[in-house]
1. Against the conditions (1) touching a helix residue (DSSP H, G or I) at 6+ places or on another chain (Cβ under 7 Å); (2) within 13 Å of the ligand (Cβ to nearest atom), where does ILE208 fall short? Just the number, please.
2. Which strands (runs of 3 or more DSSP E) sit wholly inside segment 32-76 and have at least 2 residues that are of a type in the set (Val, Ile, Thr), in contact (Cβ under 8 Å) with a residue 12 or more places away in the chain and over 22 Å from GLY280 (Cα atoms)?
3. Of all residues in segment 256-267 being in contact (Cβ under 8 Å) with a residue 40 or more places away in the chain and surrounded by 20 or more Cβ atoms within 10 Å (Cβ to Cβ), which is nearest to LYS185 (Cα to Cα)?
4. With the requirement that a residue be buried (at least 17 other Cβ atoms within 10 Å of the Cβ) and not in a loop (DSSP other than H, G, I, E, B), what does segment 268-288 give you?
5. Can you pull out the residues in segment 151-165 that are surrounded by 15 or more Cβ atoms within 10 Å (Cβ to Cβ) and outside any helix (DSSP H, G or I)?
6. Looking at segment 142-199, which of its residues are among the small types (Gly, Ala, Ser), under 20 Å from LYS335 (Cα atoms) and either more than 16 Å from the ligand (Cβ to nearest atom) or in contact with an Asp or Glu (Cβ under 8 Å, 6 or more places away or on another chain) (or both)?
7. Could you grab the pairs with beta carbons closer than 9 Å, sequence gap of 6+ or different chains, first residue in segment 222-234 and over 13 Å from LEU310 (Cβ atoms), second one of a type in the set (S, T, N, Q) and within 15 Å of the ligand (Cβ to nearest atom)?
8. Suppose we keep only residues that are small (Gly, Ala, Ser) and assigned to a loop (DSSP other than H, G, I, E, B) within segment 88-111. Which one would you say is nearest to GLU336 (Cα to Cα)?
Amino acid sequence: MIIKKISVANGAVRVPGDKSISHRAVMLGSIADGITEITGFLMGADCLSTIDCFRKMGVDIDVSPEKVIVKGKGLRGLQRPQETLYTGNSGTTTRLLCGILAAQDFDTSITGDASIEKRPMGRVTKPLSLMGAQIENEYCPLHIHGTKLHGIDYKMSVASAQVKTAIILAGLYADGTTIIRETEKSRDHTELMLGAMGADIKVDGLNITVNKTNSLKAVKVNVPGDISSAAFFMVLGLIMPNSCITIENVGINPTRTGIIDVLRNMGADIELNNIRESAGESVADITVRSSSLKGTEIGGDIIPRLIDELPVIAVAAVFAKGQTVIKDAQELKVKETNRIRAVVDEFSKCGIDITETDDGMIINGGKDIHGADFKTYGDHRMAMSLTVLAQLADGESTLDDSDCACVSYPDFFDDFYRLDN
Ligand code: S3P
């Protein structure tokens, strides 16, 4: 696909629902008692994989453009699937499922696409095995022998909400108490939703305590727009001259807003308006205006608060004066692709001064760049970041695979080109 260039970016956009919250609403709704009604659900490929897996375990899930209705089976109501559960490209589906399936009284197998087969699952299977789980393999396909679990006191070795959530979910079924100690705070959508559903869960700073729970009660979930999708328009509005974009109804849970802090540090004009609460999550309309950006240093405990946004933050750094250093971000290597390598290789094609480091990258920005033939590595966030990057490159750019954007944002290109006015 040739990446069409726009000259300005103006107007309002509503990004699709939050991916993390959409996954959790289906999973927790499936093991709750009663009917979970989800509005604003992300109809992206990853969340559809989650729906598909739970349908295969006997959960009745109705999908319509307005809402998703999950008819919960209760904590003990899932049925043994007749086939291997296929999680597509979705790390969240794969890892979170492990926590639930480890505690069932049936066996299951899980696998996904070529990218999933390369993503580390030991980070989930190891703590679960300390709880008594029996899971074969550290890469997909995983074979899970459902069994009785017991609580553990576990110190996290990576800042990962997927690992944390898998342990919390197993903790709902495990005898006794499960304590999880985070070293850096990662997204807390699971804790918030489980609290609303009546689970015995407490959060005290970086420590989470879960006790065996007999039942969860279904709740209504109104999924806010995904800040990770809003990120592309935030950076677009900042780098394009004479532009102003409002992204409406975006989730601004503090565990997710690192991008706002970093862009403001870089000199970005970002306003949050109409801040409100929706189903336990904070939501706002975000307005960004063209800004002259300057380089910055990004590292430490802000990283889990912006991990998925780093490829598009790197785009902002390209158009910022001076140096941007991204460090402590080695987790980028185990995303849908190695996002440190992918960003450095693709950005270098445009003449950008960018260097790969062991835990991030260094970008010397503020220089002219030229177009290139980009590879996405099948990674949705690479496809969307490169589309933003190409806007200010001299000459033509192409993308080898624009379809992969459908993993988190099926209408990305329509929404993007509508802003050209
Ligand atoms: C997610 C957690 C993060 C994030 C992913 C979604 C979640 O992954 O990158 O896109 O929904 O819990 P890690 O837990 O691997 O950091």
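The values are calculated or read from the model by the stated rules, or taken from the named source; none is laboratory data. Since the model is a prediction, treat every value here as computed from it, not as a measurement. Heads up, the Cβs are rebuilt from the backbone with ideal geometry, glycines too, and the neighbour counts pull from every protein chain shown.
1. (2)
2. 60-63
3. Here the residue is ARG256.
4. ILE270, GLU281, SER282, VAL283, ALA284, ASP285, ILE286, THR287, VAL288
5. Result: GLY151, ILE152, TYR154, MET156, VAL158, ALA159, SER160.
6. ALA159, SER160, ALA161
7. Listed pairs, sorted by first residue: VAL223/SER22; PRO224/ASN253; ASP226/SER20; ASP226/SER22; ASP226/SER408; ILE227/ASN253; ILE227/THR257; SER229/SER408.
8. Among them, the one singled out is SER90.
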